[in-house]
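Participant: Here it is, the structure, as structure tokens.
The values are calculated or read from the model by the stated rules, or taken from the named source; none is laboratory data. All figures in this text were calculated on a predicted structure; none of them were measured in a lab. Cβ: placed from backbone, ideal geometry, glycine included. Neighbour counts: every protein chain shown. Each accessible area value is taken on the protein alone, full model and side chains, heavy atoms only, with ligands, DNA and RNA left out. Shrake-Rupley method; radii C 1.70, N 1.55, O 1.52, S 1.80 Å.
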Amino acid sequence: MADSVNFHFDIDGDNFTSAGEASVMIKKLLRQMEFSPDVIRRVSVAMYEGEINMVIHANGGTADVNVFCDRIEIVLKDNGPGIADVRLAMQEGYSTAPDNIRSLGFGAGMGLPNMKRYTDDMRIESEVGRGTTIYMTVNV
Amino acid sequence: MPEPERDILGGYAGDLLSWVMGRASSGDVWVTIMSNLNIVAVASLADPACILLAEGVELDDGVRERAEVQGVNVLRSGKNVFRLCAEIASLI
């Protein structure tokens, strides 16, 4: 197993306006590490969608990004309400976001589909009342 | 503008941020009526050449400062989204 470089972020669930800071930081770090623009875009967009979901639905959480030579792994973990029906949540256009969030331009029901679209592998572990962990991998 | 040298290669219009992140391409002009702080994060990740605010939408100082810091170009116009897209399309 190749060595990896690991980054950890705490996602603040109270501050909607700062949501995305971890993703923007990861974008900068990956750029410094000279990954291709396509890889950087896929990782940072997938992570941003996850960050926004944690702020909207779960009062924040944590993001861990493990950078290997051949892939980048992202683990997003929260202690929120969990997802009752993952298959339904994965459908484009399905959203449970409240109206005040929608008025900001979120809640289009594209977050999880975008995360799948931009990653090579995505796995959701969720338990209602306990929280959600999402594992994503982008191959380099 | 923090990044005045960027070329506009195409365009995308929309106000739903996940659609923009999923569909807009790097180098696009992003035409929108959304002007809250989150557009700066979306733009810095989706990497459009600039945000173009339509309909004379105002940009508050906090958003303007964040855009400056993160290197996101923001333009404004009093024209509507349809008119702006038509005019831009005729130029590129």
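Participant: For the subset of segment A:117-140 comprising residues that are open to solvent by 40 Å² or more (accessible area, probe 1.4 Å) and in contact (Cβ under 8 Å) with a residue 60 or more places away in the chain, which member is nearest to A:A58 (Cα to Cα)?
Facilitator: Per the criteria, the residue is A:Y135.
Participant: Further question on the same structure: What pairs can you find where one residue is in segment A:80-93 and touching a residue at least 24 places away in the same chain (Cβ under 8 Å) and closer than 22 Å to B:R23 by Cα, the other is of a type in the set (D, E, K, R) and assigned to a loop (DSSP other than H, G, I, E, B), and their Cβ atoms are less than 8 Å apart, with a gap of 6+ or different chains?
Facilitator: From residues that are touching a residue at least 24 places away in the same chain (Cβ under 8 Å) and closer than 22 Å to B:R23 by Cα, there are no pairs.
Quick grid of which residues meet (1) assigned to a loop (DSSP other than H, G, I, E, B); (2) farther than 30 Å from A:M90 by Cβ; (3) β-branched (V, I, T); (4) in contact (Cβ under 8 Å) with a residue 12 or more places away in the chain:
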| residue | (1), (2), (3), (4) |
| --- | --- |
| B:Y12 | no, no, no, yes |
| B:M21 | no, no, no, yes |
| B:S26 | yes, no, no, yes |
| B:V31 | no, no, yes, yes |
| B:A43 | no, no, no, yes |
| B:L59 | yes, yes, no, yes |
| B:A67 | no, yes, no, yes |
| B:V72 | yes, yes, yes, yes |
| B:G78 | yes, yes, no, yes |
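Participant: Taking the condition farther than 17 Å from A:T17 by Cα and buried (at least 23 other Cβ atoms within 10 Å of the Cβ), does A:D70 pass?
Facilitator: On the way: farther than 17 Å from A:T17 by Cα: yes; buried (at least 23 other Cβ atoms within 10 Å of the Cβ): no.
No, not satisfied.
Residue-by-condition table, conditions (1) within 27 Å of A:T17 (Cβ to Cβ); (2) part of a loop (DSSP other than H, G, I, E, B):
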| residue | (1), (2) |
| --- | --- |
| A:T96 | yes, yes |
| A:G109 | yes, yes |
| A:E125 | no, no |
| A:T133 | yes, no |
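Participant: Right, something else. Starting from residues that are within 15 Å of B:G11 (Cα to Cα) and open to solvent by 10 Å² or more (accessible area, probe 1.4 Å), keep the ones in segment B:51-75 and report whichever is farthest from the other protein chains (Cβ to nearest Cβ).
Facilitator: At the first step, the residues of segment B:51-75 found to be within 15 Å of B:G11 (Cα to Cα) are B:51-54, B:73-75.
Okay, now just the ones that are also open to solvent by 10 Å² or more (accessible area, probe 1.4 Å), so B:52, B:74-75.
Details: B:L52: 15, B:V74: 15, B:L75: 18 Å.
Out of the qualifying residues, it is B:L75.
Participant: If I ask for residues that are open to solvent by 20 Å² or more (accessible area, probe 1.4 Å) and more than 8 Å from chain A (Cβ to nearest Cβ), which ones from segment B:17-50 would you list?
Facilitator: Restricting attention to segment B:17-50, the residues satisfying the condition of being open to solvent by 20 Å² or more (accessible area, probe 1.4 Å) are B:19, B:23, B:25-26, B:33-37, B:47.
Once the filter is applied, which keeps residues that are open to solvent by 20 Å² or more (accessible area, probe 1.4 Å) and more than 8 Å from chain A (Cβ to nearest Cβ), segment B:17-50 yields B:R23, B:S25, B:I33, B:S35.
This table checks each residue for (1) assigned to a loop (DSSP other than H, G, I, E, B); (2) charged (D, E, K, R); (3) open to solvent by 50 Å² or more (accessible area, probe 1.4 Å).
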| site | (1), (2), (3) |
| --- | --- |
| A:I11 | no, no, no |
| A:L30 | no, no, no |
| A:E49 | no, yes, no |
| A:Q91 | yes, no, yes |
| A:M115 | no, no, no |
